[in-house]
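Participant: The structure follows.
The values are calculated or read from the model by the stated rules, or taken from the named source; none is laboratory data. Here the structure is a predicted model, which means the values were calculated and not measured. A quick note on method: Cβ atoms are made from the backbone with ideal geometry, for glycine too, and the neighbour counts reach across all protein chains shown.
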Amino acid sequence: MNYRSITITAVILFLFAIAGTALVAVTYDNTRERIAANERERLLRKLHVLVSPARHDNDLFTDTLKVHDELLLGTPEPVMVYRARRDDQPVALVIAPVAPDGYSGSIRLLIGINYDGTLTGVRVVTHRETPGLGDAIEEERSDWIYGFDGKSLENPPAARWEVRKDGGDFDQLTGATITPRAIVGAVSKSLLYYREHREALFSRDTENGKGHSPQSRKEKHNSIHRGDAENAEKK
């Protein structure tokens, strides 16, 4: 038996394995970075649809904070808030809540809110709603999502923040009521959250996720805004 030949072959195979592993690792790292960059660019485009770059002079990706409120924001996980300012004055923000009660599961949203509490718009980030029915919440498939533009808790009144089938002002989708009902509810609750926490949301004390969240800073208001949400759900 030629042990020298076997040893050389084993060493060559070992080196090939190391080289292959290194190549896979490098390719994975490069791909991961490219995917992350692409996702960041997609998110930035959506943010700029909701808050035009002409309206602010700060970096939306660095002027952020994370907040918590499972009842009003739809998830026990931290919810990101992107804040827009001009000349260091608050202009608007974009909050990323969840509509947990979609027909096929949770619907992740981006909701733009002007400083005065009016909506700049709403966009769907991810969902699993039924193709051809519930997926009409996507801006590429219908103009339904544009129905939130310019709305607020006063326009329409709180009692009208429902789909028309439930006696409200918002259209449902043909063949799909649960999906739009979930989004209308999530947007309404996000506006309630904003109303109760506006000053804290824009405060420099909560810059870049540091300091106290609006929740802990306004704990004494929890019973108020939770009561509002419960009343809105009953109507």
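Participant: Going through region 166-205 one residue at a time, which ones are touching a Pro at 6+ places or on another chain (Cβ under 9 Å) and either over 23 Å from ALA96 (Cβ atoms) or outside the structural domain of GLY147 (by TED's automatic domain parsing) (or both)? Reasoning before the result, please.
Facilitator: Restricting attention to region 166-205, the residues satisfying the condition of being touching a Pro at 6+ places or on another chain (Cβ under 9 Å) are 168-173, 182, 186-187, 189-190, 193, 196-203.
Those that are touching a Pro at 6+ places or on another chain (Cβ under 9 Å) and either over 23 Å from ALA96 (Cβ atoms) or outside the structural domain of GLY147 (by TED's automatic domain parsing) (or both): GLY168, ASP169, ASP171, GLN172.
Participant: Just to verify a result, which residue in region 160-190, among those that are small (Gly, Ala, Ser) and more than 28 Å from TYR115 (Cα to Cα), is surrounded by the most Cβ atoms within 10 Å (Cβ to Cβ)?
Facilitator: Start the filter on region 160-190 by keeping residues that are small (Gly, Ala, Ser), which leaves 167-168, 175-176, 182, 185-186, 188, 190.
Next, from what is left, pick out any that are more than 28 Å from TYR115 (Cα to Cα): 167, 175-176.
Numbers: GLY167: 10, GLY175: 11, ALA176: 19.
Going through the qualifying residues, I end up with ALA176.
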